[in-house]
Every structure is written in structure tokens, then in C-alpha cells.
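The values are calculated or read from the model by the stated rules, or taken from the named source; none is laboratory data. Values in this document were obtained by computation on a predicted structure and should not be read as measured data. Here Cβ is always computed from backbone atoms with ideal geometry, including for glycine, and neighbour counts include all displayed protein chains.
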Amino acid sequence: MEKRQNQTYISIGISSIIFIFIILCLSVFALLSVNSARQSYDSVMRNAEAVTAYYAADSQAQRWIHGLKTGDPDDTPGLTVYTNDFPISDMQTLHVEVDKATFEILAYQVTNNEVLEIDDSLPVWHPEMEE
């Protein structure tokens with residue numbers, strides 16, 4: 001009789017451990033899913049802010065070009081190209097160049113304000129250094 005009772009307790013214990021293990025696995029997967037969703041949301045929001053800032057600068061540039069065509073442009077002698085920069089963010093600007101005679105857009109590009117430098121400070125092994 002005692003032998004039968006011990007087996008019953010062991011089977012209940014094993015099923016409880018398996019159940020607890022499954023609950024822990026599901027909890028971990030749920031937390032990983034929430035973390036992944038949060039990172040995706042943050043990435044989408046940064047992208048939306050960048051696109052909004054670009055199109056705000058683009059709108060300003062288009063109004064400036066329209067103003068050159070319809071308004072009284074600057075008649076500085078020797079000037080053949082109108083140029084203007086429209087800020088997108090702290091690190092980027094929209095650079096626009098327009099031909100003075102034909103009002104043709106010569107340049108319409110995003111430029112970086114900061115010069116990015118390559119960091120070579122890590123002591124990485126190079127085979128040329130051994131010789």
C-alpha cells in the first residue's frame with residue numbers, strides 16, 4: 001500500500017513541476033514579446049519624427065522656390081545660382097540650389113552638418129604591424 005501512495009505523490013509532483021515550467025516559459029515569451037513590441041514602437045516613432053521633419057523642410061524649400069519664381073528675386077550681379085539651406089534636425093539640412101535664369105533645380109539634397117570621424121583608437125591586430 002505504501003508503495004502505491006509514494007507513486008501517486010511522485011506523479012503529482014512531476015505534473016506540478018511540468019506545469020510550473022510551462023507557466024514560466026509562457027511568461028518569459030510574453031515578456032520578450034512585449035519588449036520587442038516596445039522596441040518596434042520606439043523605432044517607428046523615431047522614423048515618423050524624421051519623416052515629418054524632412055517634409056517640413058521640403059515644404060519650406062518648395063515655398064522658397066515658388067517665392068523666387070513669383071516674387072522679386074535678388075538681382076545681385078554675378079549671381080547665377082540661388083542657394084538656401086533648410087534645417088531638418090540638428091545634424092541634417094536640406095540644401096537647395098536653383099538656377100537664376102531658368103529656375104531649374106540644380107541641387108536638392110540632404111547634407112550632414114557634422115563630419116563623422118572614424119574611431120581608430122582600439123588596438124586591433126594588423127599583420128603589417130608585426131613586420
| said: Whether any residue in region 9-22 is assigned to a helix (DSSP H, G or I), at pLDDT 95 or above, β-branched (Val, Ile, Thr) and surrounded by 10 or more Cβ atoms within 10 Å (Cβ to Cβ) is what I want to check. | reply: yes
| said: I'm told ALA101 meets every condition in (1) surrounded by fewer than 10 Cβ atoms within 10 Å (Cβ to Cβ); (2) more than 21 Å from TRP64 (Cα to Cα) except one. Can you identify the failing condition by its number? | reply: (2)
| query | Taking region 38-92, which residues are β-branched (Val, Ile, Thr) and free of Cβ contacts under 8 Å to residues at least 40 places away in the same chain? | reply | VAL44, VAL51, THR52, THR70, THR76, THR80, VAL81, THR83, ILE88
| field | Inter-residue pairs, beta-carbon under 8 Å, first over 20 Å from SER59 (Cβ atoms) and touching a residue at least 24 places away in the same chain (Cβ under 8 Å) and in region 98-112, second among the hydroxyl-bearing types (Ser, Thr, Tyr) and part of a loop (DSSP other than H, G, I, E, B), 6+ apart | value | LYS100/THR80
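Quick grid of which residues meet (1) closer than 25 Å to LEU116 by Cα; (2) among the β-branched types (Val, Ile, Thr):
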| position | (1), (2) |
| --- | --- |
| ASN35 | no, no |
| SER40 | no, no |
| ASP58 | yes, no |
| GLY71 | no, no |
| THR80 | no, yes |
| SER89 | yes, no |
| said: Which of the numbered conditions does ASN113 fail, given that it passes all the others? Conditions: (1) more than 21 Å from ARG46 (Cβ to Cβ); (2) under 19 Å from the mean Cα position of the chain (by Cα). | reply: (1)
